[in-house]
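Q: Please read through the structure below; I'll follow up with questions.
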Amino acid sequence: MTLSEEATDRLADVVELQPTKNSELQDRWGMESGSEVHQYLENELGDYYFRDDNSLIRATAEAADLVDVEPGIESDPEDDGVPSKIRVPELQARIVAVLAGPEERSESVVSVLHSLRDEYDIDPEAEDVRSGLQSLRRKGVVEVEYRTVPTFRLTVERDDLEVSVSDAD
């Protein structure tokens, strides 16, 4: 199956963002709905992606070989699959930099938002921070603890995780 330039670019997004959801790809691709993303995946990239046990979108090994993009996550096989490298949008990289570590008390979205404001002098929307935390959770580097509100912390020591910023946000 030969892919168009657009399909190859979008396949690179799947490789980079995996594991991901329709909504993340919808935002990246500027589509109107998750259904439109699903339809595109099925019609254009059907041989190159699959859904894991949690219904998250992942690229096949062939897809990763086909595009010249670093995978969104890399894990050390000796470390129970905990990611050792992640490629994420800049906001997510900043979230990793300010979020509570594995041994610290988990933080709410609002707490992380205030840390981002203090550390980077930025003012992202709370929903963007929540979405970033959930994306990092899907990558296995953030865990959630449910108290009065969901709270988050890293699953891996910051020094044991290499974070690089992807080209597109």
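A short reminder: the numbers here are calculations on the coordinates, not readings from a lab. These figures come from a predicted structure and were not determined experimentally. Here the Cβ positions follow ideal geometry from the backbone for every residue, glycine too, while neighbour counts run over all protein chains shown.
Q: Using 0.36 nm times the number of residues separating residue 157 and residue 104, minus their current alpha carbon distance, what extension gain do you get?
A: Working: separation 53, 0.36 × 53 = 19.08 nm, distance 1.06 nm.
Full-extension gain reported as 18.0 nm.
Q: Let me ask you something else. At 0.36 nm per residue, and after removing the present C-alpha to C-alpha distance, how many nm does the segment from residue 55 to residue 137 gain when stretched out fully? Before the final figure, lay out the partial values.
A: Working: separation 82, 0.36 × 82 = 29.52 nm, distance 1.45 nm.
Here the answer is 28.1 nm.
Q: Contour minus end-to-end for residue 29 and residue 149, with contour as 0.36 nm per residue of separation and end-to-end as the Cα-Cα distance? Working shown, then result.
A: On the way: separation 120, 0.36 × 120 = 43.20 nm, distance 3.10 nm.
That works out to 40.1 nm of additional length.
Q: At residue 62 and residue 97, where each label point lies 7 Å from the Cα along Cα→Cβ, what is the point-to-point distance in nanometres?
A: With each label placed 7 Å out from Cα toward Cβ, I get 4.0 nm.
Q: Which is the longest stretch in the chain that no exposed loop site breaks, taking sites as trypsin sites (Lys or Arg not before Pro) with a DSSP loop state and at most 14 other Cβ atoms within 10 Å?
A: 1-104
Q: Rg and Dmax in Å for the chain, alpha carbons only: what are they?
A: My reading of the Cα-based Rg and Dmax gives 16.3, 51 Å.
Q: If you project the alpha carbons of segment 83-165 onto their three principal axes, what span does each projection cover, largest first, in Å?
A: Over segment 83-165, Cα extents along the principal axes are 28, 27, 19 Å.
Q: Given a cut-off of under 8 Å on Cα pairs at least six residues apart, what relative contact order in percent is computed for segment 5-70? Walk me through the numbers on the way to the answer.
A: Values: 71 pairs, mean separation 28.0, N = 66.
Relative contact order here is 42 percent.
Q: Taking only Cα atoms and a 10 Å spring cutoff, compute GNM fluctuations for the chain and point out the largest among 47, 13, 123.
A: So, out of 47, 13, 123, the one fluctuating most is 123.
Q: How much FRET efficiency would the formula 1/(1 + (r/R0)^6) give for residue 82 and residue 126, where r is the Cβ-Cβ distance and R0 is 30 Å, rounded to 0.05?
A: 0.60
Q: For labels at residue 164 and residue 117 in the simple 7 Å Cα→Cβ model, what's the distance in nm?
A: Label at residue 164, label at residue 117, 3.4 nm between them.
Q: Just want to confirm a number: the relative contact order over segment 18-169, from Cα pairs under 8 angstrom separated by 6+ residues, in percent.
A: Over segment 18-169, the number comes to 24 percent.
Q: With only Lys, Arg, Asp and Glu charged, each at its Cβ (+1 for the first two, -1 for the last two), find how big the charge dipole of segment 83-165 is about the Cα centre; round to the nearest 20 debye. Provide the component values of the computation, followed by the final result.
A: Values: 12 positive and 17 negative charges, 75 e Å.
Here the size comes out at about 360 debye.
Q: Another one. Just need the relative contact order of segment 83-165 here, percent rounded to a whole number, with Cα pairs under 8 Å and 6+ apart. Could you put the intermediate results ahead of the total?
A: Details: 120 pairs, mean separation 39.1, N = 83.
Answer for segment 83-165 is 47 percent.
Q: Test of understanding: given the chain, find the longest segment containing no GluC sites (Glu not before Pro) that are in a DSSP loop and have at most 15 other Cβ atoms within 10 Å. Walk me through the numbers before you get to the answer.
A: Numbers: sites that count: 32, 78, 103, 104, 125, 157.
Between the exposed loop sites, the longest stretch runs 33-77.
Q: Still on this structure: Go through 111, 93, 155 and say which Cα lies farthest out towards the positive end of the charge dipole of the chain; charges sit on Cβ, +1 for Lys and Arg, -1 for Asp and Glu.
A: Of the options given, the answer is 111.
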